[in-house]
Amino acid sequence: MAYMSAAFVVPPEDQAVLEQWLRSPTVSAAWALRADIVLSLARGEGTRALARRLRVSPTTVCQWKARYAADALAGLQTRARPGRPRTITRAKEQAIVSATMKPPAASTHWSAERLAPHVGVSPSSVLRTWQKFGLQPHRVETFKFSKDPDFDAKLADVVGLYLDPPERALVLCVDEKSQIQALNRTQPLLPLAPGIPARMTHDYQRNGTTSLFAALEVASGKVHGRCYERHTHVEFLEFLRSLAKRYPRREIHLICDNYGTHKHPDVKAWLAENPRFHMHFTPTSASWLNLVERWFGVITAQSIRRGSWDSVRKLERGINKFVAAWNENAKPFRWVKTAREIRRKIRRVSKTLDVRH
């Protein structure tokens, strides 16, 4: 039933959201206060009595009452303040940039709160300067240069398949995502709500693992996937046989990494017996060249990472369900960089970092 007074009504759906704001430990105190004001007014509590109980001014109570009456829940959100932010001199901006580029003595990077007194400005001025100059000291990215002596040849081979595939042939990016854990959260997931993200417990129970072998069609973006208990050459051979059945009488070019499973003598023998399959290997430490790795990132973000599985079988069913849904509306990942552009960028970065490649 909706909360209401003679002149103030809160529908049941809004009431549920506001009560959740009050109960949630992660909602800010400001939002909880606004929820308390609106719900209390709807129950008939007077403005002055409510202001005394919450230790705010009657003006504050009237403000949020008017904001809710005008725009419902959207009216309770924080609005940008009028006016322009304070500006600082160009010399001060350069001082902030220079200080940011030099880590402090006792830690690896600056925060706005710690840098502000060091350069004599407010934390908000530091944040605006960082945004202006594209500085993000809280972030760090990883890199690794391939030491493969045949890097250039393998790079040209793989990129050539992406940009100029052979006629009447199928190009597949193949790899395995091994040791996917069937993790079951100890408590049910708390669903998404306005102003509140979905929440899950940090602790979980392990219920076994599975390995996903996947082949991504470069031209269409469709995926052929199989789950296996292990990820040895035996499973890889079985996966190759499944590809042979799925794509009969087709010339098939497989892009794989240098994992030993892909070069096992039994695999080589099978390939010799099936000459329509052609293997192409990415350079060592260059798995980013294999487009199926991008698809692995998608299934991890959209299904595996936030899933809760009480058995390996349910995990595999979830994976197969995602693959089927993906294939219904599959879109290819478009490769746009030529091998020459990639080599040029690697040389430029290597020179910047003084790394021999």
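The values are calculated or read from the model by the stated rules, or taken from the named source; none is laboratory data. Every value quoted in this text rests on a predicted model; they were computed, and no experiment measured them. Cβ atoms come from the backbone with ideal geometry, glycine included; neighbour counts cover every protein chain shown.
Brief remarks follow.
- Some residue of the stretch 317-331 being β-branched (Val, Ile, Thr), under 24 Å from the mean Cα position of the chain (by Cα), assigned to a helix (DSSP H, G or I) and within 26 Å of VAL234 (Cβ to Cβ): yes
- Exactly one residue out of TRP295, TRP288, TRP309, TRP335 is modelled with pLDDT under 95 and either touching a Leu at 6+ places or on another chain (Cβ under 6 Å) or not assigned by TED's automatic domain parsing to the domain that holds LEU189 (or both), and it is TRP309.
- Tally of residues being touching a Pro at 6+ places or on another chain (Cβ under 8 Å) and either free of Cβ contacts under 8 Å to residues at least 60 places away in the same chain or within 20 Å of TRP270 (Cα to Cα) (or both) across the stretch 211-254: 2
- Selection from the stretch 279-314 of residues that are touching a strand residue (DSSP E or B) at 6+ places or on another chain (Cβ under 6 Å) and either in a loop (DSSP other than H, G, I, E, B) or more than 18 Å from GLU176 (Cα to Cα) (or both): ASN290, LEU291, SER308, TRP309, ASP310, SER311
- Listed by first and then second residue, the pairs linking a residue in the stretch 325-346 that is touching a residue at least 60 places away in the same chain (Cβ under 8 Å) to a residue that is part of a helix (DSSP H, G or I) and among the β-branched types (Val, Ile, Thr), with Cβ atoms under 9 Å apart and 6 or more places separating them unless they lie on different chains, are TRP326/VAL298; TRP326/ILE299; TRP335/VAL159; LYS337/VAL159; THR338/VAL159; ALA339/VAL158; ALA339/VAL159; ILE342/VAL159.
- Screening ASN258, ASN329 for residues that are exposed (fewer than 13 other Cβ atoms within 10 Å of the Cβ) and either among the polar types (S, T, N, Q) or in contact with a strand residue (DSSP E or B) (Cβ under 6 Å, 6 or more places away or on another chain) (or both) leaves exactly one candidate, ASN329.
- The residues in the stretch 297-325 that are surrounded by 15 or more Cβ atoms within 10 Å (Cβ to Cβ), closer than 30 Å to LYS263 by Cα and in contact with a helix residue (DSSP H, G or I) (Cβ under 9 Å, 6 or more places away or on another chain) can be counted, and the count is 6.
- Entry remark, the stretch 336-352: residues being among the hydrophobic types (A, V, I, L, M, F, W, C), over 14 Å from PHE143 (Cα atoms) and loosely packed, with under 15 Cβ neighbours inside 10 Å number 1 in total.
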